[in-house]
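Chemist: Structure below; questions to follow.
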Amino acid sequence: MSTQEERSGRYLDFYRDNIERISENSSPYINSFRQNAIEEFKKLGIPTRKNESYRYTNLDTFFGHPYSSYFMPSEPDFVKAEEFRCDVTDLDAHGVVLINGFYPTITGKLRELPGGIWIGSLSEASRKFSGMIEQHYGRYVNGNSDGLVHLNTALASDGVFLWIPEGVSLGKPIQIVNLVNSDQDIFNQHRNLIIAEKNSDITLIICDHTLSPQKFLTNAVTEIHVGENAHFNIIRVQNEHNNAAKITHTFIHQERNSVATSNNITLHGGLVRNSTHHYLGGVGAECNSFGLYLSDKFQHVDNYVNVDHAFPSCKSNQLFKGVLDDMATGAFNGRIYVHPDAQGTMAYQKNSSILLTDDAKMDTKPQLEIYADDVKCSHGATVGQLDENALFYLRSRGIDKRQARLMLMFGFAHEVLQNINVEALRERMDNLVMQRLKGELSRCASCMVKCV
Amino acid sequence: MLIISNLNASIDGKSILKGISLEVKAGEVHAIMGPNGSGKSTLAAVLAGREFAQVTEGTVTYMGRNLLEMPAEDRAREGIFLGFQYPIEIPGVSMVNFMKTAVNEHRKYKGLEPLSASDFLKLMRDKKELVEIDSKLANRSVNEGFSGGEKKKNEIFQMAMLEPRLAILDETDSGLDIDALRIVANGVNKLKKPDNSTIVITHYQRLLDYIVPDVVHVLYDGRIVRTAGKELALELEAKGYDWIRKEVNNS
Ligand SMILES: Nc1ncnc2c1ncn2[C@@H]1O[C@H](COP(=O)(O)OP(=O)(O)O)[C@@H](O)[C@H]1O
Ligand SMILES: [Mg+2]
């Protein structure tokens, strides 16, 4: 294994050798962040297990690997993106597809949806909507001490831009499909910016898929601004192969009386690390952070949640659950930070995991930093086996052991899935999770990769 | 129907049931009474197939078969139903899904096709009426957030759905107010068929005003210390369990 400096060095060299190419595809405003970001990255490096929030996750095998460079999708990639069909057939959504972090079209890189909503390529938007970009880009990741976020700021050149104007609510959800496909091992960075203005109401679904079996590393940053009294829902469905690493950093910045809900459903992936940062930046804001992880073999899923209660009378609720089989490992770290004048705070957190074997392992750690007095806060974590009493209860009604175990596991997972507010997706997830628990499905049905 | 003979069972090496013998014939109602901790629930659990208590001696024959060799789910499919003293909450598993699975497992065991969705819903509706259970409860997760009384009614509802041959009701009356008690007892009586049997485990006499037993047993310290007709329940009510305690300790 290479040393910390060697590993960071690879990415520093990459920056030095390619910064001109990366900048060409971007706007001056976005480029103006790069130099500072790479210096921050140089200082912080790739997180190691000495870093408190990465204590249970080893990034070495993925970051120490030499990847090919990828700067722009080419013709065959466009075709691949064109061909992809979402597996959730009943899902009626406005969809966009990203391939290896890029918007895979030459024309029509920005689209207008009903209500004056704009969606499309971030690099294109940075020219067309420069005022909007200058007001929001890079603002919500400020002060972040994670080297990988800075690496993304330094290197990312495209991603999705989504702008929902004031008062607009869209009846249908918006779906972003992230595809990773290459005949070489690649490292990809993308950057999303979402602006949900005052009184808007939107649901966003992000699906992560790998289409070819190569080794992949994705490091994605999403910045979200949720305006006053807006309702924002983000559901992320992760379904990648065992040789893929997915690292996501999501920053949700909320204004007063807004409600934001995040739901991370990890069905599959080699190494998955989601950090979800909720900033409650106005009186009466409310956030929910949900997550479900189902892992087996040597998979590792790490969820880091940071809820920042910066204003009074805000409410937060975290619920993360998972089922770990074989030698799978997982981590949950939920931080609740209550500022001194955030009186009337309500903050809840729960993490429960079921270990199906003696070799599966889960580390869970709440981190509470409360500096106000009028705070209602609760947290709880359980790691264990299926409830024997419940198992017997089901069996005593004539349900055999195998079926009873399935029902309990499914019920356990459903507590998270029931929060998905898009019916077609919820039903599909129920279905996939059931198949996954039965062991009938090691990958998403839509996947074209027949890997083991 | 059920013949228990010299049944001994222990939990973690501690002897709990100390040689129980009793026979329940088709159509009979037996009451088992006794102070707390005497082993009533342990006996019920052993009959239902719970593995936490180890049978160290004795036999149990049910419908001519060795009951102790059957896994819990097969006992249920063969018609044994346990109404739990403390029904279990199962978050995330809906009552509908639970009952549909259970009913269809019973049907499969009998070689029958699963019920159609509409037949199943009709069955649910009929049985809900029978036990006067709130319709909304059936749409919730199993016992989750149910009051004590609702949990007990839900046990009787499940019994109604599964139509057991031998129902063992473990303190189904405890924690019920008088109205709920009447509903539960009426439910049990309506479900009674001439050749079905019931074992009613209770601490108090009052349930037996509604469900009239043919035989009453008193279980004390893991042994059946007295067996008689329904008048024994009244005698116990009048004299209290101390009376039994003294009698047993004197002999
Ligand atoms: N799970 C258990 N583990 C250990 N001891 C138990 C357990 N369940 C019951 N016991 C013991 O067995 C004895 C009989 O209990 P139980 O059958 O519940 O009595 P009853 O139902 O008559 O009140 C008591 O001494 C009780 O402490
Ligand atoms: Mg008891």
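The values are calculated or read from the model by the stated rules, or taken from the named source; none is laboratory data. Not measured: the values here are computed from a predicted model. Neighbour counts run over all protein chains shown; Cβ positions are idealised from the backbone, glycine included. The protein model used for the area step is the full one, side chains on, heavy atoms only, and it has no ligands, DNA or RNA in it. Shrake-Rupley method; radii C 1.70, N 1.55, O 1.52, S 1.80 Å.
Chemist: If B:Val93 meets every condition in (1) open to solvent by less than 40 Å² (accessible area, probe 1.4 Å); (2) within 11 Å of chain A (Cβ to nearest Cβ); (3) out of contact with any strand residue (DSSP E or B) (no Cβ under 6 Å at 6 or more places or on another chain) apart from one, which number is that one?
Modeler: Only one criterion in (1) open to solvent by less than 40 Å² (accessible area, probe 1.4 Å); (2) within 11 Å of chain A (Cβ to nearest Cβ); (3) out of contact with any strand residue (DSSP E or B) (no Cβ under 6 Å at 6 or more places or on another chain) is unmet by B:Val93, namely (3).
Chemist: Would region A:125-140 turn up any residue that is among the small types (Gly, Ala, Ser), open to solvent by 50 Å² or more (accessible area, probe 1.4 Å) and at positive phi?
Modeler: no
Chemist: Go through region A:381-394 and count every residue that is part of a strand (DSSP E or B), free of Cβ contacts under 8 Å to residues at least 40 places away in the same chain and more than 14 Å from every other protein chain (Cβ to nearest Cβ). Please lay out each step first, then the result.
Modeler: First, the residues of region A:381-394 that are part of a strand (DSSP E or B): A:381-384.
Of the ones still in play, those that are also free of Cβ contacts under 8 Å to residues at least 40 places away in the same chain are A:382-384.
With the extra rule that they be more than 14 Å from every other protein chain (Cβ to nearest Cβ), the set shrinks to A:383-384.
Of the residues in region A:381-394, 2 are part of a strand (DSSP E or B), free of Cβ contacts under 8 Å to residues at least 40 places away in the same chain and more than 14 Å from every other protein chain (Cβ to nearest Cβ).
Chemist: Specify the residue that is nearest to ligand 2 (Cβ to nearest atom); the eligible residues are those in region B:43-57 that are part of a helix (DSSP H, G or I) and without any contact (Cβ under 8 Å) to a residue 60 or more places away in the chain.
Modeler: B:Ala45
Chemist: Still on this structure, please answer the following. Looking at (1) farther than 19 Å from A:Ile38 by Cα; (2) surrounded by 20 or more Cβ atoms within 10 Å (Cβ to Cβ); (3) in contact with a strand residue (DSSP E or B) (Cβ under 8 Å, 6 or more places away or on another chain), find the lone condition where A:Asp146 falls short.
Modeler: (1)
Chemist: Something else: Going through region B:13-33 one residue at a time, which ones are part of a strand (DSSP E or B), among the charged types (D, E, K, R), more than 9 Å from ligand 1 (Cβ to nearest atom) and more than 11 Å from B:Asp221 (Cα to Cα)?
Modeler: Pass one, region B:13-33, residues part of a strand (DSSP E or B): B:14-24, B:29-33.
From the residues that got through so far, the ones that are among the charged types (D, E, K, R) too are B:14, B:18, B:23.
Okay, now just the ones that are also more than 9 Å from ligand 1 (Cβ to nearest atom), so B:18, B:23.
Within region B:13-33, B:Glu23 is the sole residue that qualifies.
Chemist: Also: Could you please find all residues in region B:13-35 being among the aliphatic types (A, V, I, L, M), away from ligand 2 (no atom under 16 Å from the Cβ) and in contact with a Lys or Arg (Cβ under 9 Å, 6 or more places away or on another chain)?
Modeler: Going residue by residue through region B:13-35, those that are among the aliphatic types (A, V, I, L, M) are B:16-17, B:20, B:22, B:24, B:26, B:29, B:31-33.
With away from ligand 2 (no atom under 16 Å from the Cβ) added as a condition, the list becomes B:22, B:24, B:26, B:29.
Result: B:Ala26, B:Val29.
Chemist: Okay, moving on. Restricting to region B:68-90, and then to whatever is crowded, with 21+ Cβ neighbours inside 10 Å and without any contact (Cβ under 8 Å) to a residue 60 or more places away in the chain, can you tell me which residue is farthest from ligand 1 (Cβ to nearest atom)?
Modeler: By that ranking, first place goes to B:Arg77.
Chemist: While we're on this one: Can you tell me which residue within region A:282-297, out of those that are open to solvent by 10 Å² or more (accessible area, probe 1.4 Å) and touching a strand residue (DSSP E or B) at 6+ places or on another chain (Cβ under 8 Å), is farthest from A:Val323 (Cα to Cα)? Spell out how you get there, then give the answer.
Modeler: Of all residues in region A:282-297, those open to solvent by 10 Å² or more (accessible area, probe 1.4 Å) come to A:283-284, A:286, A:288, A:290, A:296-297.
When the remaining residues are screened for being touching a strand residue (DSSP E or B) at 6+ places or on another chain (Cβ under 8 Å), the result is A:286, A:288, A:290, A:296.
Working: A:Glu286: 28, A:Asn288: 21, A:Phe290: 15, A:Asp296: 9 Å.
Among those residues, the one meeting the criterion is A:Glu286.
Chemist: A follow-up question, please. Condition first: charged (D, E, K, R) and more than 13 Å from the chain's Cα centre (by Cα). Now tell me which residues in region B:129-152 satisfy that.
Modeler: Initial filter on region B:129-152 (charged (D, E, K, R)): B:129, B:132, B:134, B:136, B:140, B:144, B:150-152.
Within region B:129-152, B:Glu129, B:Glu132, B:Asp134, B:Lys136, B:Arg140, B:Glu144, B:Glu150, B:Lys151 meet the criteria.
Chemist: If you don't mind, another one. Condition first: among the charged types (D, E, K, R) and either more than 9 Å from every other protein chain (Cβ to nearest Cβ) or part of a loop (DSSP other than H, G, I, E, B) (or both). Now tell me which residues in region A:408-427 satisfy that. Step through it out loud before you land on a result.
Modeler: Within region A:408-427, the first condition is being among the charged types (D, E, K, R), and the residues that meet it are A:415, A:423, A:426-427.
Those that are among the charged types (D, E, K, R) and either more than 9 Å from every other protein chain (Cβ to nearest Cβ) or part of a loop (DSSP other than H, G, I, E, B) (or both): A:Glu423, A:Arg426, A:Glu427.
Chemist: Pick out, from region A:1-102, the helices (runs of 4 or more DSSP H) lying fully within it that include 1 or more residues that are among the small types (Gly, Ala, Ser), farther than 15 Å from A:Ala156 by Cβ and in contact with a Gly (Cβ under 9 Å, 6 or more places away or on another chain).
Modeler: Values: elements: A:4-24, A:28-31, A:34-44, A:60-63, A:75-83.
Here the list reads A:4-24.
Chemist: Could you list, in sequence order, the residues of region B:208-232 that are at negative phi, touching a residue at least 40 places away in the same chain (Cβ under 8 Å), in contact with a Leu (Cβ under 9 Å, 6 or more places away or on another chain) and within 16 Å of ligand 1 (Cβ to nearest atom)?
Modeler: B:Val216, B:His217, B:Val218, B:Leu219, B:Arg223, B:Ile224
Chemist: Further question: Just give me the residues in region B:66-82 being within 10 Å of chain A (Cβ to nearest Cβ) and either polar (S, T, N, Q) or within 16 Å of ligand 2 (Cβ to nearest atom) (or both), in sequence order.
Modeler: B:Leu82
Chemist: Quick test for you: out of B:Glu171, B:Glu155, B:Glu163, pick the one residue that is within 16 Å of ligand 1 (Cβ to nearest atom), under 21 Å from A:Ser396 (Cα atoms) and open to solvent by 10 Å² or more (accessible area, probe 1.4 Å).
Modeler: Values: B:Glu155 fails: open to solvent by 10 Å² or more (accessible area, probe 1.4 Å); B:Glu163 fails: within 16 Å of ligand 1 (Cβ to nearest atom).
Of B:Glu171, B:Glu155, B:Glu163, the one residue that is within 16 Å of ligand 1 (Cβ to nearest atom), under 21 Å from A:Ser396 (Cα atoms) and open to solvent by 10 Å² or more (accessible area, probe 1.4 Å) is B:Glu171.
Chemist: Within the bounds of region A:177-187, is there any residue that is modelled with pLDDT of 95 or more and open to solvent by less than 20 Å² (accessible area, probe 1.4 Å)?
Modeler: The answer is no; no qualifying residue exists.
Chemist: Does region A:395-407 hold any residues that are within 7 Å of chain B (Cβ to nearest Cβ) and among the aliphatic types (A, V, I, L, M), and which are they?
Modeler: A:Ile399, A:Met407
Chemist: Give the residues of region B:219-240 that are open to solvent by 40 Å² or more (accessible area, probe 1.4 Å), touching a Phe, Trp or Tyr at 6+ places or on another chain (Cβ under 9 Å) and assigned to a helix (DSSP H, G or I), sorted by residue number.
Modeler: Within region B:219-240, B:Glu235, B:Glu237 meet the criteria.
Chemist: Next question. Within region B:175-188, is there a residue that is at positive phi, surrounded by fewer than 22 Cβ atoms within 10 Å (Cβ to Cβ) and either within 16 Å of ligand 1 (Cβ to nearest atom) or not in a loop (DSSP other than H, G, I, E, B) (or both)? Working first, answer last.
Modeler: Start the filter on region B:175-188 by keeping residues that are at positive phi, which leaves B:175.
Restricting the remaining residues to those that are surrounded by fewer than 22 Cβ atoms within 10 Å (Cβ to Cβ) gives B:175.
Filter once more, keeping what is either within 16 Å of ligand 1 (Cβ to nearest atom) or not in a loop (DSSP other than H, G, I, E, B) (or both): B:175.
Within region B:175-188, one or more residues are at positive phi, surrounded by fewer than 22 Cβ atoms within 10 Å (Cβ to Cβ) and either within 16 Å of ligand 1 (Cβ to nearest atom) or not in a loop (DSSP other than H, G, I, E, B) (or both).
Chemist: Out of curiosity, is B:Lys108 in a helix (DSSP H, G or I), more than 16 Å from ligand 1 (Cβ to nearest atom) and more than 25 Å from B:Ile183 (Cα to Cα)?
Modeler: Details: in a helix (DSSP H, G or I): yes; more than 16 Å from ligand 1 (Cβ to nearest atom): yes; more than 25 Å from B:Ile183 (Cα to Cα): yes.
Considered against the rule, which asks whether it is in a helix (DSSP H, G or I), more than 16 Å from ligand 1 (Cβ to nearest atom) and more than 25 Å from B:Ile183 (Cα to Cα), B:Lys108 comes out as yes.
Chemist: Yes or no: region B:34-57 includes at least one residue that is under 20 Å from B:Arg223 (Cβ atoms) and more than 16 Å from ligand 1 (Cβ to nearest atom).
Modeler: Yes - at least one qualifying residue is present in region B:34-57.
Chemist: Scan region A:373-385 and give yes if some residue there is surrounded by 15 or more Cβ atoms within 10 Å (Cβ to Cβ), under 30 Å from B:Ile156 (Cα atoms) and not aromatic (Phe, Trp, Tyr), otherwise no.
Modeler: First pass over region A:373-385, keeping only residues surrounded by 15 or more Cβ atoms within 10 Å (Cβ to Cβ): A:375, A:377, A:379, A:381, A:383.
In the following step, the residues that additionally are under 30 Å from B:Ile156 (Cα atoms) were identified as none.
Within region A:373-385, not a single residue is surrounded by 15 or more Cβ atoms within 10 Å (Cβ to Cβ), under 30 Å from B:Ile156 (Cα atoms) and not aromatic (Phe, Trp, Tyr).
Chemist: Go through region A:103-116 and give me each residue that's assigned to a strand (DSSP E or B) and surrounded by fewer than 14 Cβ atoms within 10 Å (Cβ to Cβ). Reasoning before the result, please.
Modeler: Just the residues of region A:103-116 that are assigned to a strand (DSSP E or B), to begin with: A:110-113.
Residues satisfying the conditions are A:Arg111, A:Glu112.
Chemist: Of the numbered conditions (1) under 30 Å from A:Phe129 (Cα atoms); (2) without any contact (Cβ under 8 Å) to a residue 12 or more places away in the chain; (3) loosely packed, with under 14 Cβ neighbours inside 10 Å, A:Met72 fails exactly one; give the number of that condition.
Modeler: Going through the list (1) under 30 Å from A:Phe129 (Cα atoms); (2) without any contact (Cβ under 8 Å) to a residue 12 or more places away in the chain; (3) loosely packed, with under 14 Cβ neighbours inside 10 Å, A:Met72 breaks only (2).
Chemist: Would you point out which residue out of B:Ser10, B:Ser38 is among the polar types (S, T, N, Q), crowded, with 16+ Cβ neighbours inside 10 Å and either within 13 Å of ligand 2 (Cβ to nearest atom) or without any contact (Cβ under 8 Å) to a residue 24 or more places away in the chain (or both)?
Modeler: Numbers: B:Ser10 fails: either within 13 Å of ligand 2 (Cβ to nearest atom) or without any contact (Cβ under 8 Å) to a residue 24 or more places away in the chain (or both).
Going through B:Ser10, B:Ser38 in turn, just one is among the polar types (S, T, N, Q), crowded, with 16+ Cβ neighbours inside 10 Å and either within 13 Å of ligand 2 (Cβ to nearest atom) or without any contact (Cβ under 8 Å) to a residue 24 or more places away in the chain (or both): B:Ser38.
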